[in-house]
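Notes for the one structure printed next.
Just so it is clear, none of the values below were taken in a lab; they were calculated from the coordinates. Predicted model only: the values in this text are computed from it and were never measured. Here the Cβ is made from the backbone with ideal geometry for all residues, glycine too, and neighbour counts use every protein chain on show.
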Amino acid sequence: MLRRLREGPRFGAAAHDERATARIGLWLALTFGLCFVTGLISHLIQHPPSWFGWPSRPVWLYRVTQGTHVISGIASIPLLFAKLWSVYPKLFEKPLVRSLPHALERVSILVLSAAAFFELTTGLLNVAQNYPWNFYFPTVHYAVAWIAIGSILVHIAVKLPIISRALGERVGRDEPAAQGLSRRGFLGATALVTGVAVVATAGATVPALRRVSVLSWRTDNGPQGVPVNRTAAAAGVLAAAYDPAWRLEVVTGSGTSEFSLSELTALPQTTAELPIACVEGWSQSATWTGVALPDLLRTAGAQPGTDLHVVSLELNGLYRASILPGVHTADPLTLLALRLNGEPLDADHGYPCRIIAPNRPGVLQTKWVRRLEAA
Ligand SMILES: Nc1nc2c(c(=O)[nH]1)N[C@H]1C(S)=C(S)[C@@H](COP(=O)(O)O)O[C@H]1N2
Ligand SMILES: [Mo]
């Protein structure tokens, strides 16, 4: 029975052959593995345990890891469907449960499929800025990622004999009598659909693909040529941002200094080309000008290299504050930016001033800064 199934006479299509299944499984393991590792990196940067440090250089590294996270996640969607299509006859094989190990294996496949679908769906909706749920996305997405990767490892371990046998066999030409898509045709179609899905969306972070990425989100569509995630109006900071009484407070061990906008503008200015790399996968490089953090700290009587608590004018909102670690406050490319692409910051980009640091998630590039406090 098993042997017959593998050869496929009962279900016809060669797509259900283990040689096709194993190859798609291998691609899926690669995209999922990449997605998991890059997601873990992003999580660690945003919630750093004491043993974790993330460098401030190269400036583009997070842009690449997070772009990879979203692109590999998107590539996983057609691959997951193809994988399920490839094995679905086996999922309904009778008897449904043959033994305890067999039952456990089936449960692990159920958990694996559910977790994988959950991750890909929530990730995709997050990227599309659509939040039809009421849990906090990062926590749940992160927790379920461990369930997904754990059940994938169990699945691979259980299937290893079949995987190595199937990958050892050549895909070969199908018997001409085989119904439906040939193995090659199925693998080719899967690769093609995956490629199209990637090209259609990767422009959100790969500049060269911008023109062809028809399904891409948030590119070049904000003021000053940079997308906006949360506007000043939505954050409720417009009045406070343009209040002439606005001062930047810098609180250090040696006391509190206050800077008006014109005092900040009068300090030595640094200009740098730096990307905003949103965790949602879009990224955009721009030219930022402002006061380098090491300069600002020295002016305020503190040492570059101290961790800073960055507080914005926003009263509530998940991203109203951030921690800027010492590696970043010591980096002369970390800016308290006052200008973007040659103009004063637009309200939506953080007027009067915002943090732009090299190699950081966009979510930590706090806008509408009110206070910097040595942590
Ligand atoms: N105060 C504050 N700063 C913030 C945010 C926010 O909601 N509030 N959003 C962050 C996110 S998620 C991103 S990706 C960047 C986007 O910057 P931009 O809107 O200038 O492109 O700002 C960050 N800074
Ligand atoms: Mo973001």
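Give me the log10 of I(q) over I(0) for segment 211-303 at q = 0.18, 0.21, 0.25 Å⁻¹, as the Debye formula computes it from C-alpha points; what are the numbers?
Log-scaled intensity ratios, in q order: -1.06, -1.18, -1.24.
Compactness ratio of segment 2-209: Cα Rg over 2.2 N^0.38 Å, N = residue count? Mind showing how you got there, number by number?
On the way: Rg = 19.0 Å, N = 208, 2.2 N^0.38 = 16.7 Å.
Against the empirical 2.2 N^0.38 Å value, I get 1.14 for segment 2-209.
Distance from the Cα centre of segment 145-216 to that of segment 78-138, in angstrom?
For segment 145-216 versus segment 78-138, the Cα centre distance is 16 Å.
Which lysines, if any, have their Cα less than 18 Å from the Cα of Lys159, not counting same-chain residues under 8 positions apart?
Answer for Lys159, where 18 Å is the Cα cut-off: Lys83, Lys90, listed by chain and number.
Compare Leu104, Leu30, Leu124 in a GNM of the chain, Cα atoms joined below 10 Å, and give the one with the largest fluctuation.
Residue with maximal mean-square fluctuation among Leu104, Leu30, Leu124: Leu104.
With the contact rule set at Cα under 8 Å and sequence spacing of 6 or more, what percent relative contact order holds for segment 2-209?
RCO, segment 2-209: 36 percent.
Apply the a/c threshold of 1.5 to the C-alpha gyration tensor of segment 275-340 and tell me whether it is rounded, prolate or oblate. Don't jump to the answer; show the numbers that get you there.
Numbers: a/c = 1.80, a/b = 1.30, b/c = 1.39.
The shape class here is oblate.
Mind checking the full-extension length gain between Ala245 and Val196? Use 0.36 nm per residue of separation minus the Cα-Cα distance, one decimal, nm.
On the way: separation 49, 0.36 × 49 = 17.64 nm, distance 5.24 nm.
In short, 12.4 nm is gained.
Amide H of Gly305: which non-local residues (sequence gap of 5 or more, or other chain) have their own amide H closer than 5 Å, using H built in the peptide plane?
Thr329, Ala330
For the charge dipole of the chain, defined by +1 on Lys and Arg C-beta atoms and -1 on Asp and Glu C-beta atoms about the Cα centroid, which residue among Gly53, Thr306, Tyr142 has the Cα displaced farthest towards the positive pole?
Tyr142
Rg and Dmax of segment 114-263, using alpha carbons, in Å: what are they?
Expressed in Å, the Cα Rg and Dmax of segment 114-263 come to 25.4, 83.
Dipole magnitude of the chain about its Cα centre, charges +1 at Lys/Arg Cβ and -1 at Asp/Glu Cβ only, in debye to the nearest 20? Spell out each step's value before the answer.
On the way: 32 positive and 24 negative charges, 366 e Å.
Here the size comes out at about 1760 debye.
As a check on your grasp of the helix formula, calculate [θ] at 222 nm for the chain: sum -39500 (n - 2.57) over DSSP H runs of n ≥ 4, divide by the residue count, round to the nearest 500.
Working: 11 runs with 170 residues, N = 375.
Here the helix-only value at 222 nm equals -15000 deg cm²/dmol.
Over the Cα atoms of the chain, how large are the radius of gyration and the largest Cα-Cα distance (Dmax), in Å?
Rg then Dmax for the chain, in Å: 25.4, 83.
Using a Gaussian network model of the chain with C-alpha springs under 10 Å, which one of Gly326, Gly236, Gly255 is most mobile by mean-square fluctuation?
Gly255
What net charge is computed for the residues neighbouring Ser312, neighbours being all others with C-beta under 9 Å from the C-beta of Ser312, Lys and Arg scored +1, Asp and Glu -1?
Details: positive: Arg320, Arg354, Lys367, Arg370, Arg371; negative: Glu314.
Summing Lys/Arg as +1 and Asp/Glu as -1 gives +4.
What list of whole percents do you get for P(r) of segment 225-374, with Cα-Cα distances grouped in 10 Å bins up to the one holding the largest distance?
Histogram of Cα-Cα distances, whole percents per bin: 12, 47, 36, 5.
Springs between alpha-carbon pairs under 10 angstrom, Gaussian network model over the chain: which of Gly188, Gly123, Gly73 fluctuates most?
Evaluated over the chain, the most mobile residue of the options is Gly188.
Of all beta bridges DSSP finds with both residues in the chain, what is the antiparallel percent, to the nearest 5?
Working: 32 of 36 bridges.
The antiparallel fraction comes to roughly 90 percent.
Once you list every other residue whose beta carbon is under 15 Å from the beta carbon of Phe259, what net charge do they have if Lys and Arg are +1 and Asp and Glu are -1? Could the numbers behind the result be given before it?
Details: positive: Arg247, Arg298, Arg354, Arg370, Arg371; negative: Asp243, Glu249, Glu258, Glu263, Asp295, Glu373.
So the environment of Phe259 carries a net charge of -1.
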